[in-house]
Every structure is written in C-alpha cells, then in structure tokens.
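Single-structure report; data block below.
The values are calculated or read from the model by the stated rules, or taken from the named source; none is laboratory data. For clarity, every value in this text was computed on a predicted model and none was experimentally measured. Here Cβ is always computed from backbone atoms with ideal geometry, including for glycine, and neighbour counts include all displayed protein chains. Accessible surface areas use protein heavy atoms only, side chains included; no ligands, DNA or RNA. Shrake-Rupley method; radii C 1.70, N 1.55, O 1.52, S 1.80 Å.
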Amino acid sequence: MNVAFLVEKLGLKVRCGGDRLDREVSGGYAGDLLSNVMAGSKSGDVWVTCQAHQNIVAVSVLKEHSGIILTQGREPDKETIQRASQEGIPLLVTELSGFEIAGRIYGLLHP
Amino acid sequence: MTQGHNYVFPVEGERFDEAGKVSVQVKQILKKIGIPDAVLRRAAIAIYESEVNIISYAIHGTASLQVTDDHILIDIQDVGPGITDIEQAMEQGYSTANDHIRAMGFGAGMGLFNIKNCSDIFEMSSEEGKGTHLKITINR
Ligand SMILES: Nc1ncnc2c1ncn2[C@@H]1O[C@H](COP(=O)(O)OP(=O)(O)OP(=O)(O)O)[C@@H](O)[C@H]1O
Ligand SMILES: [Mg+2]
C-alpha cells in the first residue's frame, strides 16, 4: 500500500510531496508529542498528528516516515510546507479527527 | 585502528527552527561510513533529543561525534542552567518545559529517557548554573 492509495481512499488533500506518493506505507503512528513519536514510530509509518509547525519535518526525516497527515483540517505552516517539499515528505491534510483517520488507516492496513 | 571520524556541531539555544539539523546530518554521515540502519537510527534519536534539550533549556552547546572501529561516541555539552536533580530529570514524564515549548509538541519528559534507551553506555553530569554534559556510547 502506498501513500497515493491512502490519499485516494481517504480523500486526503496533498499539501506537498505530490511527486513522492509512491512511498510505501508499512504502518502508522498517531501522536502529538514529538519525543513520543521519536521513540515509538517506525520507518515506513504514516504519521498522524495535529502538530503543524516545521519541527514535525525533522522528526519524519529522521524516522523515515512515508508521510504526515494533519488532522481536523489543520493547515501546515508555510515553513513546514517548504521543508517537507525539500525533504520529499508527503504532507497530507484531512478534516477527520486523529481517532477517525487512524481507525480508517488501520482498517486499510489490516483488512 | 582506521582513521577516526570526528565532527563537532554547534547548537544554539532557542533556535527551534534548527531542531533536527545536527541529527539529520549525523545520520547521513553514519550512513556513508556504513553503520547499519538499526544502529544509526539509535544515534540519530539520541542526538535529536540532545539538540532539542540544548535549544529548549540551554544558552548554547555542542554535539560532537566520534566514530571508532567499535563505537559511536557522542558528546553533548552545553552552557546553561544545568540540572540539579539528574535522577528526577531522567524520569519519564518529568518536564519543566514552558507553554511555548509544549505548544510545539515538546515537553513530554521523555527525551532523556529516550537517549538512555538508545545508548549502550549513558553518562550524564551537570553543574548548576554552568551546564550539562552527556556522554553517549553506542556499539557499532
Ligand atoms: N540541557 C539541559 N539543561 C538544563 N535542563 C535540562 C537539559 N536537558 C534536560 N533538562 C531538564 O530535564 C527535564 C527532562 O528532560 P527531557 O528531555 O527528558 O524531557 P523534556 O525536554 O521536558 O520533554 P521531551 O524531551 O519529551 O520533549 C527538562 O524538562 C529540563 O527541566
Ligand atoms: Mg527533551
């Protein structure tokens, strides 16, 4: 399952990294505390968070996430978009809550 | 012993916009040297949490990296307020982060614990009003 599949199935809006949607999604992680995400998430995870500032990009780069999904209609800061584009990390947006979107992703990963 | 790899990176307090800069660089360096992914990921996490702590709490500091035949040695030093009770600071969930820091998703009180978890040997010392020193050893 790649990021493009998630975008299509879940109606996510792509804010940057549209050319990197071929990245493989091997799992997911939900969290808004960066050191918790640093400790718990895995390479290939898609990261679900409500944090929209630029510090999320370094976390995703270091953890080699397949993409970041911002919940509840949060829009990424312009620095966040800039950095994520530089790093080739897909930045996606949903109107759904973290709970709802994580549940749907889980369902797609474990049908 | 083959020629060692030595690097020193400066870290400035309050520069949250630069959080992760050193760890991302170090990860690339370790990859080039041929350190296995599982090992370099631990080094990257340890340095990330260390640089965020300098940015959050200290005035400025440095992160040094030394790679020997057997080890990755990471030395983090800062000039800052220091930590009076190291044991308490190491506890999961203990944090003195202010609202500004918390608003960015830091301040879970997990950073030092993460660093220790990623280390094979972890040593920490601090002097009140002077600064803090972390010595992290990771086996290659
Ligand atoms: N370099 C430092 N100088 C002074 N105090 C520090 C330093 N590093 C950590 N501390 C103190 O130790 C506490 C715990 O640090 P730790 O990194 O574990 O958690 P945190 O920074 O509060 O939150 P998190 O790392 O989860 O975002 C900090 O809140 C701070 O009071
Ligand atoms: Mg910390």
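Using a cut-off of 22 Å between alpha-carbon atoms, which lysines can reach B:LYS32, once sequence neighbours fewer than 8 places away in the same chain are excluded?
Answer for B:LYS32, where 22 Å is the Cα cut-off: A:LYS42, A:LYS63, B:LYS21, listed by chain and number.
Give the lysines whose C-alpha is closer than 17 Å to that of B:LYS116, dropping any in the same chain fewer than 8 places away, or say none.
B:LYS135
Counting Lys and Arg as +1 and Asp and Glu as -1, each charge on the Cβ, what is the dipole of the protein assembly as shown about the Cα centre in debye, to the nearest 20?
Details: 23 positive and 32 negative charges, 155 e Å.
So the dipole magnitude of the protein assembly as shown works out to roughly 740 debye.
Per the Kirkwood definition applied to all pairs of different Cα atoms, how many angstroms is the hydrodynamic radius of region B:1-43?
Working: mean 1/r = 0.0844 Å⁻¹.
For region B:1-43, inverting the mean 1/r across all distinct Cα pairs yields 11.8 Å.
Take the eigenvalues of the Cα gyration tensor for region A:3-109, scale each by 5, and report the square roots as semi-axes in whole Å, largest first.
On the way: eigenvalues 56, 45, 38 Å².
Equivalent ellipsoid semi-axes, largest first: 17, 15, 14 Å.
Bin all alpha-carbon pair distances of region B:23-140 at 5 Å intervals from 0 and give each bin's fraction as a whole percent.
Values per bin, smallest distances first: 2, 12, 23, 25, 19, 12, 6, 2, 0.
log10 I(q)/I(0), Debye, Cα-only region B:33-74, no solvent, q = 0.17, 0.20 Å⁻¹?
Results for region B:33-74 at q = 0.17, 0.20 Å⁻¹ read -0.52, -0.67.
If the reach is capped at under 17 angstrom between alpha carbons, list the aspartates and glutamates near A:LYS78, excluding any in the same chain fewer than eight residues apart.
Within the straight-line limit of under 17 Å, A:LYS78 reaches these aspartates and glutamates: A:GLU87, B:ASP17, B:GLU18.
Mind listing which trypsin sites (Lys or Arg not before Pro) in region B:10-70 are in a DSSP loop and have 16 or fewer other Cβ atoms within 10 Å? Please list the in-between numbers first.
Values: sites: B:ARG15, B:LYS21, B:LYS27, B:LYS31, B:LYS32, B:ARG41, B:ARG42; in loops: B:ARG15.
Sites meeting the loop and neighbour criteria: B:ARG15.
Debye sum, Cα scatterers, region B:66-127, no solvent: what log₁₀ I/I(0) at q = 0.25, 0.27, 0.29 1/Å?
-1.20, -1.27, -1.32
A drop of at least 40 square angstrom in accessible area, chain alone versus all protein chains together, probe 1.4 Å. Which residues of region B:37-57 meet that?
Buried on complex formation: B:ARG41, B:ILE45, B:TYR48.
What is the percent carbon and sulfur in the accessible area of the protein assembly as shown, measuring with a 1.4 Å probe over the protein chains and ignoring ligands?
Of all accessible area on the protein assembly as shown, carbon and sulfur atoms account for 48 percent.
Excluding ligands, DNA and RNA, what is the solvent-accessible area per residue of region A:3-109 at a probe of 1.4 Å, expressed in Å²?
Numbers: 4540 Å² over 107 residues.
I get 42 Å² per residue for region A:3-109.
Expressed in whole Å with the largest first, what are the equivalent ellipsoid semi-axes of the protein assembly as shown derived from the C-alpha gyration tensor as the square root of 5 times each eigenvalue?
On the way: eigenvalues 203, 85, 47 Å².
Working from the Cα gyration tensor, I get semi-axes of 32, 21, 15 Å.
Using the alpha-carbon centroid of each, what span in Å lies between region B:94-123 and region B:43-90?
11
When the helix-only estimate is applied to the protein assembly as shown (DSSP H runs of n ≥ 4, each -39,500 (n - 2.57), divided by the residue count), what is the mean residue ellipticity at 222 nm, nearest 500 deg cm²/dmol?
Values: 10 runs with 98 residues, N = 251.
Only helices count here, giving -11500 deg cm²/dmol.
Roughly how big is the A-B contact, given as buried accessible area in Å² (both sides, 1.4 Å probe, nearest 100)?
Values: alone 5720 and 7840 Å², together 11960 Å².
It comes to approximately 1600 Å² buried between A and B.
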